[in-house]
Amino acid sequence: MGSASFSKRAQALLRVRNQLLRECLAELLAVFVLILITLSGSAQMVTSSGTKGNILTAYLAGALAVMVAIHTAGGVSGAHLNPAFSLCMCLLGQLPLWKFPIFVAVQTLGSFIAAGAVYALYYDAIQFYSNGTLAASGPLETASIFATYPAEYLSLSNGFLDQVMGTALLIVGILAITDGRNKRVPEGLEPVAVALLVFSIEVSMGSNCGCPMNPARDFGPRLFTYVAGWGSEVFRDNAWWWVPVVAPLLGAAVGTALYQLLVALHHPAEDGGGARGGKRDSGGGSTAIPLGAGPWDK
């Protein structure tokens, strides 16, 4: 009885009632979880020289992190996790445009904090592996634990195309998975399906530049490495840093347009209640994307 009473008093004292603040807190935690697991998988691979992890385990960690992160905030903020996906929701009218910069700031902050947590967790391993030198290039570089860098052969134009295509595919896949008028996955299994989607893209399109597909996931940790001792080289290296920031946003617009123009806009109108979670249109049909801040918040 005493513990229950204390729990109620604590909830009354600490509970946040402002909807926007609740969404921001949930999004912050979800992105933190996503980046913490993703970068930890990479850190384990790099600092062990591949003996305690490889590129496949790193990709798997990142994909499973998406699943956990969606469960963490899906019912509160919609678990966007990614400015590219937030842009998609804006284009579809599911997220007010004024919320977009707020979500982007929260997602970037969550990524920055998570990068710091990974650095603290693997501090000794990073120092041992790199002989105490934090470098963004060379045989003992460790900056790639936190942010993505292009392969030696990759040009900026090809890298830009890589990120546009990869992010467009990600958005098309998510819209298909959550489309109540299409072959939508059973309710509650969306996080698993999206995790498998992310994993499939990573293992098929990751060799060029690590498949970031998320401006916050790349820029937040890159900014952390800049202030934590890797220096300005993390931004100067081949002038790459802006590609995983800008290209995924364009890819999100392309993916959204493709799915709407080739699939969603051609669903037959319904006279009944419409798709599960669907938003009614003026003709009695249903749009492809559920109501709310995200497609799995119902």
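The values are calculated or read from the model by the stated rules, or taken from the named source; none is laboratory data. Just so it is clear, the model here is predicted, and its values are computed rather than measured. Here the Cβ is made from the backbone with ideal geometry for all residues, glycine too, and neighbour counts use every protein chain on show. Protein only, heavy atoms only, side chains kept; ligands, DNA and RNA dropped before computing areas. Shrake-Rupley method; radii C 1.70, N 1.55, O 1.52, S 1.80 Å.
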Exercise. Determine if the stretch 219-242 includes at least one residue that is under 16 Å from the mean Cα position of the chain (by Cα) and among the aliphatic types (A, V, I, L, M).
Key: no
Exercise. Tell me, yes or no, whether the stretch 207-222 has at least one residue that is open to solvent by less than 40 Å² (accessible area, probe 1.4 Å), touching a Ser or Thr at 6+ places or on another chain (Cβ under 9 Å) and among the aromatic types (Phe, Trp, Tyr).
Key: no
Practice problem: Among residues belonging to the stretch 49-77 that are within 18 Å of Ile174 (Cα to Cα) and of a type in the set (Gly, Ala, Ser), point out the one that is surrounded by the fewest Cβ atoms within 10 Å (Cβ to Cβ). | Solution: Gly75
Quiz item: How do the pairs read when you match residues in the stretch 64-81 that are within 18 Å of Leu196 (Cα to Cα) with residues anywhere that are of a type in the set (Phe, Trp, Tyr), using Cβ under 8 Å and keeping only pairs 6 or more apart or on different chains?
Solution: Ile70/Trp296; Gly74/Trp296; Ala79/Trp296; His80/Phe103
Quiz prompt | Sole exception among (1) open to solvent by 50 Å² or more (accessible area, probe 1.4 Å); (2) over 22 Å from the mean Cα position of the chain (by Cα) for Ile126, by number | solution = (1)
Quiz item: In the list Asp179, Asp218, which residue meets the criterion of being acidic (Asp, Glu) and either out of contact with any helix residue (DSSP H, G or I) (no Cβ under 7 Å at 6 or more places or on another chain) or part of a loop (DSSP other than H, G, I, E, B) (or both)?
Solution: Asp179
Practice problem: Return the only residue of Pro248, Pro268 being modelled with pLDDT of 95 or more and not small (Gly, Ala, Ser). | Solution: Pro248
Exercise. Looking only at the stretch 94-118, count how many residues are out of contact with any Phe, Trp or Tyr (no Cβ under 8 Å at 6 or more places or on another chain) and touching a residue at least 40 places away in the same chain (Cβ under 8 Å).
Key: 8
Practice problem: With the checklist (1) without any contact (Cβ under 8 Å) to a residue 24 or more places away in the chain; (2) open to solvent by 10 Å² or more (accessible area, probe 1.4 Å) in hand, flag the one item Leu121 doesn't pass. | Solution: (1)
Practice problem: Considering every residue within the stretch 24-43, establish whether at least one is more than 15 Å from Asn214 (Cα to Cα), open to solvent by 80 Å² or more (accessible area, probe 1.4 Å) and of a type in the set (S, T, N, Q). | Solution: no
Exercise. Confirm whether Val227 is over 19 Å from Thr256 (Cα atoms), assigned to a helix (DSSP H, G or I), open to solvent by 10 Å² or more (accessible area, probe 1.4 Å) and not small (Gly, Ala, Ser).
Key: yes
Quiz item: How about the stretch 1-18: which of its residues are open to solvent by less than 90 Å² (accessible area, probe 1.4 Å), of a type in the set (A, V, I, L, M) and outside any helix (DSSP H, G or I)?
Solution: Val16
Exercise. List every residue pair whose Cβ atoms sit under 6 Å apart, with the two residues 6 or more apart in sequence or on different chains, where the first one lies in the stretch 144-163 and is assigned to a loop (DSSP other than H, G, I, E, B) and open to solvent by 10 Å² or more (accessible area, probe 1.4 Å) and the second, anywhere, is at pLDDT 95 or above and of a type in the set (Phe, Trp, Tyr).
Key: none
Quiz item: Since Val194 meets every condition but one in (1) in a helix (DSSP H, G or I); (2) surrounded by fewer than 23 Cβ atoms within 10 Å (Cβ to Cβ); (3) of a type in the set (A, V, I, L, M), which condition does it not meet?
Solution: (2)
